[in-house]
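Novice: Encoded as structure tokens, here's the structure I'll be asking about.
The values are calculated or read from the model by the stated rules, or taken from the named source; none is laboratory data. This is a predicted model, so every value here is computed, not measured. Glycine gets a Cβ as well: all are built from the backbone with ideal geometry, and neighbour counts include every protein chain shown.
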Amino acid sequence: MEDRFGHRISYLRVSITDRCNERCTYCMPQELQEWLPRHDILTFEETIRLIRIAGELGVTKIRLTGGEPLTRRDVIQLFRQLPRLTNLRDIGLSTNGTLLTREVEPGLTMAAAVRACGFNSVNISLDTLDREEYARVTGRDLLPDALAGIDAAIAAGFPQVKINCVLMRGHNQEALVPLVDFAAERNLLLRFIELMPVSTTEVLAESNFFPVAEAKRTIEAKFGSLLPQPEFRTNGPASYYQIPGRAQRIGFIGAMTNLHFCESCNKLRLTCDGKLRPCLGSYLEFDIMKPLRAGASDEELRQFFLDVVERKPEQHDFRTTYQPGRKMVAIGG
């Protein structure tokens, strides 16, 4: 699949639930959340079918997201089916990490079970190592659980464990250097991400926006000038640097300040309620659940994917006209 601007679509982010056991201020900023009824959520069978069709159209990487994907009941049953989709070469999970130590069966952690399903990578959200600040940002005192989950992911043997830190002025400026050292000690790939106005426009205020350029300067004040690593790429839009004197790399994702952010975009998003979104930073979304449940053929669903790709914008609208239509927890990141 290729859009009008030359973006080749090979990556599908798939939300499997809108539910989460945390309440992060930038994702689901209100305590009360009206969860979608079960009938309005794609079944495992429907999800697998849509992923298979996306694979037939050139998608080779998927990432399972939420909400918190591990809150979905019997989720391992879904995960075990994914490696059977022969076009997929890379299967990843995004999680807050707090449920990775949960036992799926005696002696088998969730992290080990996910790895055994053929997942290549796991992305874990961690904005600070300060327990009180973690509780303020997430609304839950679960930092020990998140840290234990990171250790469980390492023990499970994932080829790549990434840590994602959302930058928030007034919350985690002091967390950056400790997070760099934490990632170095555990051989984790750490990325710093700018806030985006996805949940509500108020999420992104001048008082809490912390640009990646300032984060980079903060880290360089401790470690010296970071060494650009333009040849190092993952599937996302991060720009990577090496810490002087270390083999460690860290990444910066600047959706708001990087004017070239969208040039290499290769993503579509499938929400848990069956909407295809061609761009995270656009209000556009298209209901593929309706034709799916009305009996559409595989060919009709393929054409639906192609039509959505045709509508993919050249750039996101975060800096201009973006109006959040739903909270981040219901989009899937």
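Novice: Which numbered condition trips up residue 133, out of (1) over 30 Å from residue 177 (Cβ atoms); (2) surrounded by fewer than 23 Cβ atoms within 10 Å (Cβ to Cβ); (3) not basic (Lys, Arg)?
Specialist: Residue 133 satisfies every listed condition except (1).
Novice: So, one more: Considering only residues that are at pLDDT 90 or above, out of contact with any Leu (no Cβ under 6 Å at 6 or more places or on another chain) and not charged (D, E, K, R), which ones fall in the range 191-204?
Specialist: 193
Novice: Now a separate question. Out of 22, 45, 34, 103, report the one residue that is of a type in the set (Asp, Glu), under 20 Å from the mean Cα position of the chain (by Cα) and over 21 Å from residue 279 (Cα atoms).
Specialist: 22
Novice: All but one of (1) outside any helix (DSSP H, G or I); (2) modelled with pLDDT of 95 or more; (3) of a type outside the set (Val, Ile, Thr); (4) under 30 Å from residue 168 (Cα atoms) hold for residue 42, so report the exception by its number.
Specialist: That leaves (4) as the condition not met.
Novice: Out of the residues in the range 155-171 meeting the condition of being aliphatic (A, V, I, L, M) and either in a loop (DSSP other than H, G, I, E, B) or at pLDDT 95 or above (or both), tell me which one is nearest to the chain's Cα centre (by Cα).
Specialist: Checked the range 155-171; the qualifying residue nearest to the chain's Cα centre (by Cα) is 163.
Novice: Out of 131, 115, report the one residue that is in contact with a helix residue (DSSP H, G or I) (Cβ under 9 Å, 6 or more places away or on another chain) and over 30 Å from residue 58 (Cβ atoms).
Specialist: 131
Novice: Under 9 Å between Cβ atoms, at least 6 apart or on separate chains: pull out the pairs that start in the range 179-191 with a residue that is at positive phi and end on any residue that is in a helix (DSSP H, G or I) and β-branched (Val, Ile, Thr).
Specialist: Listed by first residue and then by second, the contacts come to 187/154.
Novice: Is it the case, given these coordinates, that residue 60 is more than 19 Å from residue 118 (Cα to Cα) and either buried (at least 17 other Cβ atoms within 10 Å of the Cβ) or touching a Ser or Thr at 6+ places or on another chain (Cβ under 7 Å) (or both)?
Specialist: No; evaluated as a whole, the condition is false for this residue.
Novice: Do you know which of the residues in the range 4-22 that are surrounded by 19 or more Cβ atoms within 10 Å (Cβ to Cβ) and of a type in the set (D, E, K, R) is farthest from residue 311 (Cα to Cα)?
Specialist: Result: 22.
Novice: Mind telling me which of the residues 67, 97, 55, 107 ends up being over 23 Å from residue 304 (Cα atoms) and modelled with pLDDT of 95 or more?
Specialist: 97
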